[in-house]
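Here is the structure we will look at, set down as structure tokens.
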Amino acid sequence: MKPVGPIPAGFETLGGELAIAGHTASELVERAGDTPLFVYSAAMIRDRVASLRKAIPERLAIHYAVKANPYPPVLEVMHELVDGFDIASGGELAIAATTGISGSTISFAGPGKRDRELAAAIRAGVTINLESENEATRALALADSAGVTPRLAIRVNPEFELKGSGMKMGGGAKPFGVDAARVPALARRIIGSGAEWRGFHIFAGSQALDPSAIAETQAQSLELAAHLAEESGAPLPACNLGGGFGIPYFAGDRELDIAAIGHALSERMNNLPQAIADTQFCIELGRWLVGEAGIYLTRIVDRKESHGETFLVTDGGLHHQLAASGNFGTVIRRNYPVAIASRYGQPAEEVASIVGCLCTPLDRLADSAELPRAEVGDLVAVFCAGAYGATASPSAFLGQGPAIEMLV
Ligand SMILES: *Cc1c(COP(=O)(O)O)cnc(C)c1O
């Protein structure tokens with residue numbers, strides 16, 4: 001037997017089934033017309049943003065990192081709730097535009113921005129988080145030929161990293177950002193060019209569950225921002241402090257203590273060095289805002305035994321749930337929270353592995369989990385599916401195609 005991860009708060013049992021916002025799993029599948037299916041809860045997203053607002057200082061704006069979940073109805077909900085959006089491609093810019101999100105609230109980070117992506121973003125009034133000196137040169141030239149004033153910030157590659165983070169994005173040689181030591185020279189060049197100077201973007205890592213590590217990284221980011229602002233010789237208009245807030249996926253993981261983070265940050269912000277005393281600050285979060293607000297529902301199409309082990313074979317798999325299968329940036333495969341949605345809350349009766357329909361041993365949604373006995377036709381729920389699921393998985397693999405998505 002291998003443990004499964006903790007099921008997030010907010011899910012209910014209704015008529016012996018898993019329910020979201022009063023809708024049972026089978027009702028949702030019927031409404032969608034098929035499985036597999038992602039279901040996202042608007043109420044859970046709203047609760048999440050509200051609890052974050054309560055925990056953090058008022059002057060700290062909240063931005064949503066679109067790549068976590070770019071499903072347009074999710075963006076529409078976010079549009080009412082957050083102060084800005086971070087995008088990482090021209091494709092995400094196009095999705096944001098169709099949702100009515102104004103370019104002036106968007107920042108665009110990410111290496112390898114093409115000229116046409118830069119030009120579209122500059123025209124839309126998006127802040128470009130420049131990843132290199134070359135990118136700055138290209139952005140200035142493109143803005144010049146379009147006759148517009150570009151809004152430019154520098155993504156800083158800090159010397160520190162976010163400790164304990166699942167994905168390190170700073171510290172040492174990185175394709176992201178400009179090494180801190182070279183930032184002041186580039187900042188002076190941008191300020192001197194007549195561009196609208198939008199300050200710094202400091203993103204040091206992702207998926208951290210230790211509040212003191214996050215607080216320490218934020219303190220280091222503030223210090224670095226102050227130092228770089230002084231060296232750049234101009235007041236710092238804005239600073240994006242990154243994010244890194246993780247969610248519990250695996251047995252033993254604990255919910256992040258955002259009150260502790262907010263408290264530490266309030267103390268720092270009440271006592272800022274002169275160079276950043278009037279700076280607008282934001283954090284940008286993806287996973288923490290939407291990850292727990294989504295589930296993936298898939299149907300069991302076969303139940304079989306092999307060498308004494310039971311396999312529940314579903315119509316879903318890693319082509320929609322690459323991370324849950326353990327193939328997206330994890331070293332050791334561990335079980336996400338999963339349940340038999342159509343027998344939710346029933347006691348465990350057997351140990352079974354839940355696999356997908358792809359012809360590869362990598363396609364495993366749960367390994368040797370304790371579950372109620374499930375039969376062909378039962379529904380499986382994979383939790384924590386609201387971020388980096390549908391669009392971070394190879395849905396074209398084996399001709400399977402995308403899952404249905406739904407916001408309730
Ligand atoms: C991916 C990314 C985020 C969001 O990270 P989460 O772990 O989903 O919160 C934020 N900012 C940047 C620059 C990113 O690349």
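Data table
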| item | result |
| --- | --- |
| Number of the condition not met by G243 [criteria: (1) farther than 21 Å from E159 by Cα; (2) in a loop (DSSP other than H, G, I, E, B)] | (1) |
| Count - residues of the stretch 353-408 that are more than 16 Å from the ligand (Cβ to nearest atom), out of contact with any His (no Cβ under 8 Å at 6 or more places or on another chain) and at positive phi | 4 |
| Of the criteria (1) at pLDDT below 95; (2) open to solvent by less than 30 Å² (accessible area, probe 1.4 Å), which one G233 fails | (2) |
| Condition check for R299: at pLDDT 95 or above and within 16 Å of the ligand (Cβ to nearest atom) | no |
| Boolean, I332 is open to solvent by less than 10 Å² (accessible area, probe 1.4 Å) and more than 25 Å from A9 (Cβ to Cβ) | no |
| Selection within the stretch 187-237 - within 16 Å of the ligand (Cβ to nearest atom) and of a type in the set (S, T, Y) | S206, T217, S221 |
| Among residues of the stretch 251-280, those that are assigned to a loop (DSSP other than H, G, I, E, B) and either on the phi > 0 side of the Ramachandran plot or within 16 Å of the ligand (Cβ to nearest atom) (or both), counted | 4 |
| Cβ pairs under 8 Å, 6+ apart, first in the stretch 56-77 and open to solvent by less than 10 Å² (accessible area, probe 1.4 Å) and within 15 Å of the ligand (Cβ to nearest atom), second among the polar types (S, T, N, Q) and assigned to a loop (DSSP other than H, G, I, E, B) | L75/T99 |
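The values are calculated or read from the model by the stated rules, or taken from the named source; none is laboratory data. Note that the structure is predicted; figures quoted are calculated from it, not measured. Using ideal geometry, Cβ is built from the backbone for each residue, glycine included, and neighbour counts are taken over all protein chains shown. Side chains included, ligands, DNA and RNA excluded: accessible areas come from the protein's heavy atoms. Shrake-Rupley method; radii C 1.70, N 1.55, O 1.52, S 1.80 Å.
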